[in-house]
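Comments concern the structure below.
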Amino acid sequence: MDDNAWFKVEDPEEYGEDPLDFDEAELTFLAALRTRAATWRMPWAPSGVSRPEDDSSLLVWVSLLDEERSLILGEWAVHFYGARVRAGKVSDQLFNLHESPERGYFKASGTAVELALRCADWFERLLRRPVVRAEWLSASKASATRWEFADTGEALVISRDVPTDGPPPAHRFPVRP
């Protein structure tokens, strides 16, 4: 089995919690999502399946990383409620979502398979976006760093004070193709 399989189910028993129990719609959603994800031809990213703290939905998520720096750049999640989903960029450790279209937020209704395919397409578009690390230098070392989507310049993480009206970054390094 592939060690980097997409959307593995977390084992809550590792943390002393009750095991996850999935209903038929959730199992159908997961099977369709995993089948579609298995066809992706892109670098792997951490992903998982769990439940939010309130157990209100099935939660599937992906994280974008700068592996060289061991830094999480952002997480995106789907909350599946049987016949509807909410999806977007994660806003906190409880996997609440930024509910703005600018952050990729959407809601949809449909069958479990329809929703899984729509969510798989959404995750794939996200994971295909190129990410770069822009660095501003001071005395030959990075004084400020911004990780961003290269296609839009949308900032993911900012370290230190990035100049807003000063010179462009001295370096731009690809993080994800």
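The values are calculated or read from the model by the stated rules, or taken from the named source; none is laboratory data. These numbers were taken from a predicted model, which means no experiment stands behind them. Cβ placement follows ideal geometry from the backbone for every residue including glycine, while neighbour counts extend to all protein chains displayed. To get the accessible areas, we keep the full protein, side chains included, count just its heavy atoms, and leave off ligands, DNA and RNA. Shrake-Rupley method; radii C 1.70, N 1.55, O 1.52, S 1.80 Å.
Before moving on, here are some points about what is shown:
- Selected from Ala38, Ala116, Ala83 as most flexible by GNM, with the chain as the system and alpha-carbon contacts under 10 Å: Ala38
- Segment 69-117-segment 135-164 distance, computed between alpha-carbon centres (Å): 26
- Considering all C-alpha pairs of the chain, those separated by over 19 Å amount to 60%.
- In segment 68-149, the GluC sites (Glu not before Pro) that fall in loop regions by DSSP, at most 11 other Cβ within 10 Å: Glu68
- Surface analysis of the chain yields an accessible area of 56 Å² per residue, using protein heavy atoms and a 1.4 Å probe.
- With every protein chain in place, the chain: carbon and sulfur % of accessible area (1.4 Å): 48
- Shape call, segment 34-76: gyration tensor on alpha carbons, a/c limit 1.5: oblate
- Diagonalising the gyration tensor over the Cα atoms of segment 75-175 and scaling each eigenvalue by 5 before taking the square root yields semi-axes of 35, 13, 10 Å, largest first.
- Axis angle, to the nearest 10 degrees, between helix 112-128 and the longest C-alpha principal axis of the chain: 10 degrees.
- Once the Cβ-Cβ distance of Leu94 and Ser143 is raised to the sixth power relative to R0 = 35 Å, the FRET efficiency obtained is 0.55.
- Computed E for Ala5/Ser159 - FRET, C-beta separation, R0 45 angstrom, nearest 0.05: 0.90
- R0 of 41 Å, Cβ-Cβ distance Thr152-Leu20: FRET efficiency to nearest 0.05: 0.70
- Degrees between helix 24-37 axis and first principal axis of the chain (Cα, 0 to 90, nearest 10): 40
- Residues listed by number, segment 89-130, amide nitrogen under 13 Å from Ile72 label point at 7 Å toward C-beta: 90-96
- Trypsin sites (Lys or Arg not before Pro) within segment 51-128: DSSP coil, no more than 15 neighbouring Cβ in 10 Å: Arg69
- Once the Cα gyration tensor of segment 1-104 is diagonalised, semi-axes √(5λ) in Å: 20, 18, 16
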